[in-house]
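Engineer: Please find one structure pasted underneath; my questions will follow.
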Amino acid sequence: MTIRNFEAKGFFTDNPVIGPGSTPTQKALIDLPIISTTISKEVEETEVEGTVDGTCEVQILDTIITRSTWNVSFEVQKLRSDAIALLMGETWAAAPNSKISNFKMTSVPVIGDPEITDTKLVDAEVDDVKVSVYAGGTWGLPRYLEVVTTGTPTVNQVLLDDTAGTLTFNAGLAGAPIKYSVDEIVASGLESLGIADSPRRLNNLLFRGVLCSTEPEIVMVEMDLSPSGGFELPIGGDPGVTLEYRAVVKGANRSPVRMFRKAA
């Protein structure tokens, strides 16, 4: 038999994560686009020693299995947000009044007033606005500009008018490439990981999958899983992450990994 992958794969949360308020009542099904899975079993044995028939030589008379450890890893390349939630070990949760940063790149006008207009600047606080000259030229070297709200800006300053929604520069910065950010509070909030005070955990899972086999039979694998250690989330380069779990014994099951079969 050759095994290519799993079909009909799915994770089930072992604890309730769905429902209103702080006391969810329902468990959830999580789909994951797995490209490969590895199941390994490590066995530790203790040797029982003794002499035979009164001889002076100590021999191994028996072995006792003292520990069995099941490790399971899932390779995933298509990183949807639900896969990231599994990495973080919690469900996405609301984060009211989230602060986000709006970034823009432009240049100081050469003709007319050295001024930039942006509706995001309306009612913005000084601490919410950051402005930089990001390349050198006749205006000088790259540098950070101080944001001021009164007076005439120097070549190292920028004037914020939060009523008109403008940034006014010194004439000596005409043509300078500018990058700026404006912080904004999103009242409705964003969905977050690592923010909620009482997160709904994804740290205990039940996995069920049917082996993609070359034989005329159906073999289903079932595993109770608990996260094993941390994770690496590569950003850039080759895509993909590995979700690492320990298979653990639960309930009346004798093994954390179970298999079932029937004719196809």
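Engineer: Could you tell me which numbered condition residue 53 fails, if it satisfies all but one of (1) over 26 Å from residue 254 (Cα atoms); (2) charged (D, E, K, R); (3) in contact (Cβ under 8 Å) with a residue 12 or more places away in the chain?
Structural biologist: So residue 53 meets the others, but not (3).
Engineer: Being assigned to a strand (DSSP E or B) and either of a type in the set (S, T, N, Q) or in contact with a helix residue (DSSP H, G or I) (Cβ under 6 Å, 6 or more places away or on another chain) (or both) narrows it down to one residue among 55, 37; which is it?
Structural biologist: 37
Engineer: For the range 69-124, how many residues are charged (D, E, K, R) and within 30 Å of residue 177 (Cβ to Cβ)?
Structural biologist: Adding up the residues that qualify gives 7.
Engineer: Which of (1) modelled with pLDDT of 90 or more; (2) open to solvent by less than 30 Å² (accessible area, probe 1.4 Å) does residue 50 not meet, given it meets every other one?
Structural biologist: (1)
Engineer: Next question. Evaluate the following for residue 40: is it loosely packed, with under 11 Cβ neighbours inside 10 Å and among the polar types (S, T, N, Q)?
Structural biologist: yes
Engineer: I've got another one for you. Please return the ranges of strands (runs of 3 or more DSSP E) entirely within the range 112-229 where 2 or more residues are without any contact (Cβ under 8 Å) to a residue 24 or more places away in the chain and either surrounded by 14 or more Cβ atoms within 10 Å (Cβ to Cβ) or of a type in the set (Asp, Glu) (or both). Before the answer, list the steps.
Structural biologist: Details: elements: 115-117, 129-133, 143-148, 157-161, 166-169, 177-186, 190-192, 205-213, 217-227.
Counting at least 2 such residues, we get 143-148, 157-161.
Engineer: Now for a different question. Need the failing condition index for residue 80 against (1) surrounded by fewer than 14 Cβ atoms within 10 Å (Cβ to Cβ); (2) in contact (Cβ under 8 Å) with a residue 40 or more places away in the chain; (3) touching a strand residue (DSSP E or B) at 6+ places or on another chain (Cβ under 7 Å), just the number.
Structural biologist: Just one mismatch for residue 80, condition (3).
Engineer: With the requirement that a residue be part of a strand (DSSP E or B), among the aliphatic types (A, V, I, L, M) and at pLDDT 90 or above, what does the range 1-32 give you? Steps first, answer last, please.
Structural biologist: From the range 1-32, those part of a strand (DSSP E or B) are 3-13, 18, 26, 29-30; that's our starting set.
Filter once more, so that each one left must be among the aliphatic types (A, V, I, L, M): 3, 8, 18, 29-30.
Within the range 1-32, 18, 29, 30 meet the criteria.
The values are calculated or read from the model by the stated rules, or taken from the named source; none is laboratory data. All values derive from a computational prediction rather than experimental measurement. No Cβ is skipped: glycine too gets one built from the backbone with ideal geometry, and neighbour counts run over all protein chains shown. Side chains included, ligands, DNA and RNA excluded: accessible areas come from the protein's heavy atoms. Shrake-Rupley method; radii C 1.70, N 1.55, O 1.52, S 1.80 Å.
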